[in-house]
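The values are calculated or read from the model by the stated rules, or taken from the named source; none is laboratory data. These numbers come from a predicted model, not from an experiment. FYI the Cβ positions are ideal-geometry reconstructions off the backbone, even for glycines, and counts take in every protein chain you see. Ligands, DNA and RNA are stripped out before the accessible areas are found, and what is left, the full protein with its side chains, is counted by its heavy atoms. Shrake-Rupley method; radii C 1.70, N 1.55, O 1.52, S 1.80 Å.
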Protein chains: 4
Amino acid sequence: MPIEISTRFAFSLDQPCDVLLQFEAAAIPEQRVLTATSRMGKSEHFARIAAQDGIGERILLQLEGRCEVTYDARVAIDRLLPDIATLARLEPHDLPAAAVQYLFDSRYCPAERFHPFVEAEFAGLEGGAHVLAIRDWIATNLTYTPGCSDSNTTALDSFVERRGICRDYAHVLITLARASAIPARYCSVYAPGVDPPDFHAVAEVFLADPSVPGGGAWHIVDATGMADPGDTVKIGVGRDAADVSFMTVFGEAQFEDKEVTVRKTA
Amino acid sequence: MPIEISTRFAFSLDQPCDVLLQFEAAAIPEQRVLTATSRMGKSEHFARIAAQDGIGERILLQLEGRCEVTYDARVAIDRLLPDIATLARLEPHDLPAAAVQYLFDSRYCPAERFHPFVEAEFAGLEGGAHVLAIRDWIATNLTYTPGCSDSNTTALDSFVERRGICRDYAHVLITLARASAIPARYCSVYAPGVDPPDFHAVAEVFLADPSVPGGGAWHIVDATGMADPGDTVKIGVGRDAADVSFMTVFGEAQFEDKEVTVRKTA
Amino acid sequence: MPIEISTRFAFSLDQPCDVLLQFEAAAIPEQRVLTATSRMGKSEHFARIAAQDGIGERILLQLEGRCEVTYDARVAIDRLLPDIATLARLEPHDLPAAAVQYLFDSRYCPAERFHPFVEAEFAGLEGGAHVLAIRDWIATNLTYTPGCSDSNTTALDSFVERRGICRDYAHVLITLARASAIPARYCSVYAPGVDPPDFHAVAEVFLADPSVPGGGAWHIVDATGMADPGDTVKIGVGRDAADVSFMTVFGEAQFEDKEVTVRKTA
Amino acid sequence: MPIEISTRFAFSLDQPCDVLLQFEAAAIPEQRVLTATSRMGKSEHFARIAAQDGIGERILLQLEGRCEVTYDARVAIDRLLPDIATLARLEPHDLPAAAVQYLFDSRYCPAERFHPFVEAEFAGLEGGAHVLAIRDWIATNLTYTPGCSDSNTTALDSFVERRGICRDYAHVLITLARASAIPARYCSVYAPGVDPPDFHAVAEVFLADPSVPGGGAWHIVDATGMADPGDTVKIGVGRDAADVSFMTVFGEAQFEDKEVTVRKTA
């Protein structure tokens, strides 16, 4: 049962600008991109480069005037979905080099300041059980509230104000996981069931890989509860939202509109 | 004329803790580590992994009780030192994949918010000349003031308070460079001339590589003016100070003391 | 030539809520309220109390359901308008008790952190000349940009982002004045010429009163340049915008709309 | 059983500076100052003015060179100490004008952002019982930790980091009370039992006055639990710590030392 994605967004640029786009389903082992068509209009320059951790691609273009991006794809998910509650934690000294950076503070995830909170609130829990307790704490204590957060909102703000959207939920989960010495990263995704339909964001935590003794793997956790990891199509990953915006303009742009539909096909 | 480094620091841990250390000169083409001895006492677990961008190594250990780290090394610098003022900027669409992440906001470098400032203050400048104008602006407007900043201090704080130490100077330079769409990263270094002697931090900007047509390279810029790029020994790099602390403890530690000496030998 | 004011705003409350309103021209010596009519619908409880520094009144009511407030007034201004450039500064030890609180940091005006900046930027200037230099610095370096600031935006944010609306301009001016040991307060006003028409905000600084030897007085300074102090009708004053909102609801409200017109009559 | 206070602090000024001091027991009905001696050395200018809400005095001087302040006093407390748990809340429309400003956000107490938290955490509680639940929440969730906070630390920081000193405890209590529409102010005090001995800070909340039907009064609440309201000597009050520092220097000062002893006499 592949996932069918259809995205459209448009914006205007007063003068020629470099634009960075990342909106396509990543071609990675855990999800097969069956068909995909991206249209971005004509551009003076065009480059595709590997995105962070080699997951997906960033498109760099120079655009001008009114620009419209459309994307249609069908993606089949082959992801292993272990029971997170049972997954062990990897000690920092057992982490692979690539996971270590996801222990550190990032733009929206000032994890260090949350040490005392996680120690008091989640004492005695380890690994996957600890992560699920964080997820449940967020689901209980935050209210999903569109329109109250913006591009300056950090996990600290959302933790205090007890509200936010998918991006903020992911930031709080990542922050509390890192404060517990569990690597966590931000994952921009498409997922059916997101309401209202839009780009979605989830967290990924690095815990034991049940299929590789001593090994570790990234596991999706959605604190909003809207996305089913088995149906979630990854676009890209990063330290936090600063790394995986679907559109970054190096100059002034007027954003016009956006339409995202994601369906599970029969 | 190699650089001679001697470092010692000590700390105490009440209970067994994972500790991440990064204090050794990186073995990279631009600097040859002639001799090096690191001593860290005995540890239950020990791992060496590649640090960010493959520059230097992170050491992960499990330690307990009183711990002392000593490091002695001699390093010869072979770095090319082009005149930064003459270096062209690479357009975002010409950047290699590995440089793109250094355009984004990070924990201590909220660059996006500084767009209007850099556009107004450095209008008409490009590439290396633009970077040097940023460096000069910092040198003119900030006062080197130990004791006024801490692990929560961001480039925004330092920009407002007009003071800081090497770490803060590097953060402001990185922030203003990224706000100008120039990739910039944080570089932890040893350098003679740092006063008082200590670990030092500089910025690196990604501009044209004069020896490779169309190519780019990282170039050291020290807004404090204390380090000569020709004598600077790199330890590691990252988005900002969050990524390259010389010591990160996953638990409670009492820091005791630190001694760093760096000399240019005859 | 009195000023004619007409204000209307409406909001809805799901359940009975206490509401604090402050939207009427203050009855103070420097401005005579010739005629005024306020309508607020029926309320369970109603109290009028003196507002901060005795300037204007706060209305406290308990409201429910849809609420509409209308206000029509004609106000004649009798304000003395000395040339601010010529006004001396009062030393802190010469300040009256009521002015001292306006030297301190407040919610949106963290003045202490700006000491080094004001010392460097406005060195050698004193009193009114110093204040006008601050005003000119703001006019030169900030861009009036609706939609970029909100109720969390402090003077620090606006100083960094170099943009804002009247409220932000006033906060930056107040902050830089206090950082220079000049008392400054926030003043909510009606003024013709504000575009788009709305409630407006200006700063007031406490400098010498040219008509009272040794005395001091509050003087209006509008960093946006939109309001003429000779035509400005004061509603209320406070440390910053936190103290003089036109509407504060102790509960949940849906704001509907607002219409403010201010005209200079023949 | 009067309280005996002995205070000494010293500092140096490189050049003549205005200094604001507030360190004396306030002469107010609830506490009789039996004897008091203040010594501040010679000063060029000297003024005593009423402090905020008429509680205590601010001393404004111009000083130079090395300055030493000593203060010795004996104070008898006559304060009424109702059982706070039984005190009713005053609706905003029943508040006197002077209490209203203590509902608003201030420098260190951004109360508005905590609405959702207080509504969820303290649902169903009213008045004094609500305030005591806030006090107990703070006592349970924060750890008294000297050295982790500074003059930039807000209640938001302390709420996230779950630690602080008396000043931070008072800020969190004030913030959560205001977020519940209960006026709260900061009170700088002397109190026996403070460990280590120092100036101390508590919060005051405005609730019903059990001795005046329909009236309200300020009631001391110390979230640290160190001070007994019956032995607490008030120095001054304010919105938060920004208003009642024992020493504010309008210029550069080197602080030397401070010694505070407070004893309950037989």
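Annotation: C:Phe9 fulfils all but one of (1) within 14 Å of chain D (Cβ to nearest Cβ); (2) under 22 Å from C:Thr261 (Cβ atoms); the unmet one is (1).
Does D:Ala242 qualify as being of a type in the set (A, V, I, L, M, F, W, C), out of contact with any Ser or Thr (no Cβ under 9 Å at 6 or more places or on another chain) and in contact (Cβ under 8 Å) with a residue 12 or more places away in the chain? No; evaluated as a whole, the condition is false for this residue.
Scanning the stretch B:30-67 for residues that are of a type in the set (A, V, I, L, M, F, W, C) and in contact with a Leu (Cβ under 8 Å, 6 or more places away or on another chain) returns B:Met40, B:Phe46, B:Ala47, B:Ile49, B:Ile59, B:Leu60, B:Leu61, B:Leu63, B:Cys67.
Okay, residues lined up against (1) within 14 Å of chain C (Cβ to nearest Cβ); (2) at pLDDT 95 or above:
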{"position": "D:Asp228", "(1), (2)": "no, yes"}
{"position": "D:Ile235", "(1), (2)": "no, yes"}
{"position": "D:Val244", "(1), (2)": "yes, yes"}
{"position": "D:Met247", "(1), (2)": "yes, yes"}
{"position": "D:Glu252", "(1), (2)": "yes, no"}
{"position": "D:Thr261", "(1), (2)": "no, yes"}
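Against the list (1) away from chain B (no Cβ under 14 Å); (2) in a loop (DSSP other than H, G, I, E, B), the condition A:Leu90 fails is (1).
Within the stretch A:1-23, residues that are under 20 Å from A:Ser245 (Cβ atoms) reach partners that are open to solvent by less than 30 Å² (accessible area, probe 1.4 Å) and among the basic types (Lys, Arg) with beta carbons closer than 7 Å, at six or more positions or on different chains, in the pairs A:Leu20/A:Arg58; A:Gln22/A:Arg58.
The single residue among B:Arg185, B:Arg178 that is basic (Lys, Arg), assigned to a helix (DSSP H, G or I) and touching a strand residue (DSSP E or B) at 6+ places or on another chain (Cβ under 9 Å) turns out to be B:Arg178. Within the stretch A:97-108, the set of residues being over 18 Å from A:Thr154 (Cβ atoms), open to solvent by 10 Å² or more (accessible area, probe 1.4 Å) and either more than 7 Å from chain B (Cβ to nearest Cβ) or charged (D, E, K, R) (or both) comprises A:Ala98 only.
Kindly establish whether B:Thr70 is under 30 Å from C:Glu161 (Cα atoms), surrounded by fewer than 19 Cβ atoms within 10 Å (Cβ to Cβ), touching a residue at least 40 places away in the same chain (Cβ under 8 Å) and more than 14 Å from chain A (Cβ to nearest Cβ). The answer is no for B:Thr70.
Of (1) in a strand (DSSP E or B); (2) farther than 13 Å from C:Val19 by Cα; (3) over 19 Å from the mean Cα position of the chain (by Cα), C:Val75 satisfies all except one. Which? Failing condition for C:Val75: (3). For first residues located in the stretch D:109-126 and within 20 Å of D:Asp157 (Cα to Cα), partners that are open to solvent by less than 40 Å² (accessible area, probe 1.4 Å) and among the polar types (S, T, N, Q) and lie 6+ apart or on another chain with Cβ distances below 8 Å form the pairs D:Cys109/D:Thr154; D:Cys109/D:Thr175; D:Pro110/D:Thr154; D:Pro110/D:Thr175; D:Ala111/D:Thr175; D:Phe114/D:Thr175; D:Val118/D:Ser180. Considering only the stretch A:214-223, I want to know if a residue exists there that is more than 14 Å from chain D (Cβ to nearest Cβ), at pLDDT below 95 and open to solvent by 20 Å² or more (accessible area, probe 1.4 Å). Yes, the conditions are met somewhere in the stretch A:214-223. Looking at (1) touching a Ser or Thr at 6+ places or on another chain (Cβ under 8 Å); (2) within 26 Å of D:His130 (Cα to Cα), can you tell me which one D:Asp72 breaks? If we test D:Asp72 against (1) touching a Ser or Thr at 6+ places or on another chain (Cβ under 8 Å); (2) within 26 Å of D:His130 (Cα to Cα), just (2) comes out false. Per the conditions (1) surrounded by 22 or more Cβ atoms within 10 Å (Cβ to Cβ); (2) closer than 23 Å to D:Leu90 by Cα, the sole criterion not satisfied by C:Gly65 is (1). The listed residues are C:Pro210, C:Pro192, and the only one of them that is surrounded by fewer than 18 Cβ atoms within 10 Å (Cβ to Cβ) and either of a type in the set (A, V, I, L, M) or not in a strand (DSSP E or B) (or both) turns out to be C:Pro210.
Residues considered: C:Ala133, C:Ala120, C:Ala179, C:Ala111. Of these, the only one that is open to solvent by 20 Å² or more (accessible area, probe 1.4 Å), at pLDDT 95 or above, under 24 Å from B:Ala120 (Cβ atoms) and within 13 Å of another protein chain (Cβ to nearest Cβ) is C:Ala120.
Please work out which one of (1) in contact with a helix residue (DSSP H, G or I) (Cβ under 9 Å, 6 or more places away or on another chain); (2) facing another protein chain (nearest Cβ under 10 Å) is the condition D:Leu81 fails and give its number. Evaluating D:Leu81 over (1) in contact with a helix residue (DSSP H, G or I) (Cβ under 9 Å, 6 or more places away or on another chain); (2) facing another protein chain (nearest Cβ under 10 Å) leaves (2) as the failure.
Of all residues in the stretch B:27-56, count the ones that are more than 14 Å from chain A (Cβ to nearest Cβ) and in contact with a Gly (Cβ under 7 Å, 6 or more places away or on another chain). The total comes to 0. For the stretch A:189-213, a residue qualifies if it is modelled with pLDDT under 95 and under 16 Å from A:Gly128 (Cβ atoms), and the qualifying residues are A:Pro210, A:Ser211, A:Val212. Among the residues making up the stretch A:93-108, those that are part of a helix (DSSP H, G or I) and touching a residue at least 12 places away in the same chain (Cβ under 8 Å) are A:Asp94, A:Ala98, A:Ala99, A:Val100, A:Gln101, A:Tyr102, A:Leu103.
Being at pLDDT 95 or above and under 30 Å from A:Ala73 (Cα atoms) is a description that does not apply to A:Asp150. Restricted to strands (runs of 3 or more DSSP E) entirely inside the stretch C:1-62, those with at least 3 residues that are farther than 16 Å from D:Pro92 by Cα, of a type outside the set (S, T, N, Q) and open to solvent by 10 Å² or more (accessible area, probe 1.4 Å) are C:3-21, C:31-39. Test A:Val202 against the criterion of being within 14 Å of chain B (Cβ to nearest Cβ) and either touching a strand residue (DSSP E or B) at 6+ places or on another chain (Cβ under 6 Å) or assigned to a strand (DSSP E or B) (or both), and give yes or no. For A:Val202, the condition - within 14 Å of chain B (Cβ to nearest Cβ) and either touching a strand residue (DSSP E or B) at 6+ places or on another chain (Cβ under 6 Å) or assigned to a strand (DSSP E or B) (or both) - is not met. Note on the stretch C:136-175: among residues that are in a loop (DSSP other than H, G, I, E, B) and among the charged types (D, E, K, R), the one that is surrounded by the fewest Cβ atoms within 10 Å (Cβ to Cβ) is C:Asp150.
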